[in-house]
Amino acid sequence: MLVIGSASSLGKGYCAAEDTSTLASVGITGRSAGDLLTVAAHEVRAVEWMYSGWEQWPTVEYSDPVHFDIDGNPAVRITALVSDIPPVHECAPPAARWDFVATTGLASAEVVVFVVQTDRGVAGQLDDDSIDGLVESLRRS
């Protein structure tokens with residue numbers, strides 16, 4: 001299970017059949033230990049079961065890890081592109097994109113993971129440039 005705190009969403013209720021539908025969500029989670037690459041790789045694998053249907057699994061393609069800095073601190077980004085999502089309900093998108101960015105934590109977590117989830121194949125979807133802009137705007141506070 002992936003538990004995300006401090007979450008925000010975009011396009012809430014975009015699908016009339018489900019008032020809790022969202023076009024995108026962002027949030028943060030933490031881990032008490034582990035190197036950045038291992039944590040990011042572990043977290044991104046959760047998307048495989050998130051979209052599984054009763055008899056069908058989605059197709060998931062993972063990016064290579066991208067190493068970069070956030071205010072001089074190391075960070076690792078891995079993206080998962082999910083397609084063939086089983087239509088388990090009327091508002092299920094046909095595809096999704098997940099971005100996981102792991103970096104060093106400050107207080108309660110050794111590693112902090114920033115997560116961006118976006119539905120794909122739906123009207124109003126967040127484009128790649130906007131997702132990249134979110135990641136590029138990350139700063140330590």
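Values in this text are rule-based calculations from the coordinates and carry no lab data. Predicted model, so just to flag it, every value in this text is computed and none were measured. Positions of Cβ are generated from backbone atoms using ideal geometry, with glycine treated the same way; all protein chains shown enter the neighbour counts.
Just want to confirm a number: the relative contact order over the chain, from Cα pairs under 8 angstrom separated by 6+ residues, in percent.
Computed value for the chain: 25 percent relative contact order.
Quick one: putting +1 on the C-beta of Lys and Arg, -1 on the C-beta of Asp and Glu, what dipole do you get for the chain around its Cα centre, in Debye to the nearest 20? Spell out each step's value before the answer.
On the way: 8 positive and 20 negative charges, 78 e Å.
Its charge dipole is roughly 380 debye.
Whole-Hz ³J(HN,Hα) for each residue in segment 105-119, computed from phi via Karplus 6.51 cos²θ - 1.76 cosθ + 1.60 with θ = phi - 60°, x for glycine and proline: what do you get?
Calculated HN-Hα couplings, in order: x, 10, 9, 8, 9, 5, 10, 10, 10, 8, 10, 10, 10, 9, 6 Hz.
Say R0 is 25 Å: what FRET efficiency, to the nearest 0.05, do ALA123 and LEU81 get from their beta-carbon distance? Show your work: numbers first, answer last.
Working: r = 19 Å, r/R0 = 0.76.
Calculated transfer efficiency: 0.85.
Mind sorting out which of (i) 9.6; (ii) 11.7; (iii) 8.4 is the real mean projected area of the Cα convex hull in nm² computed from the coordinates?
Entry (iii).
Given R₀ = 30 Å, FRET efficiency for TRP49-ILE28 by Cβ-Cβ distance, to 0.05?
Working: r = 21 Å, r/R0 = 0.70.
Once the sixth-power term is evaluated, E becomes 0.90.
Suppose every Lys and Arg Cβ carries +1 and every Asp and Glu Cβ carries -1, with no other charges. What dipole size does segment 86-141 come out with about its Cα centre, to the nearest 20 debye? Show your work: numbers first, answer last.
Details: 4 positive and 9 negative charges, 42 e Å.
The dipole magnitude comes to about 200 debye.
If amide hydrogens are placed 1.01 Å from N in the peptide plane, which non-local residues have theirs closer than 5 Å to the one on ILE70?
Answer set, sorted by chain and number: ALA75.
Restricting attention to segment 32-141, which GluC sites (Glu not before Pro) occupy a DSSP loop and are surrounded by at most 13 other Cβ atoms within 10 Å? Walk me through the numbers on the way to the answer.
On the way: sites: GLU43, GLU48, GLU55, GLU61, GLU90, GLU110, GLU136; in loops: GLU55, GLU90, GLU110.
When the GluC sites (Glu not before Pro) of segment 32-141 are filtered for loop state and at most 13 Cβ neighbours within 10 Å, GLU55, GLU90 remain.
Among SER141, VAL47, VAL82, whose Cα projects farthest towards the positive end of the dipole of the chain, with charges put on the beta-carbon of Lys, Arg (+1) and Asp, Glu (-1)?
Of the listed residues, the answer is SER141.
Mind checking segment 37-141 for chymotrypsin sites (Phe, Trp or Tyr not before Pro) that DSSP puts in a loop (not H, G, I, E or B) and that have at most 16 other Cβ atoms within 10 Å?
Here the sparse-neighbourhood loop sites are TRP54.
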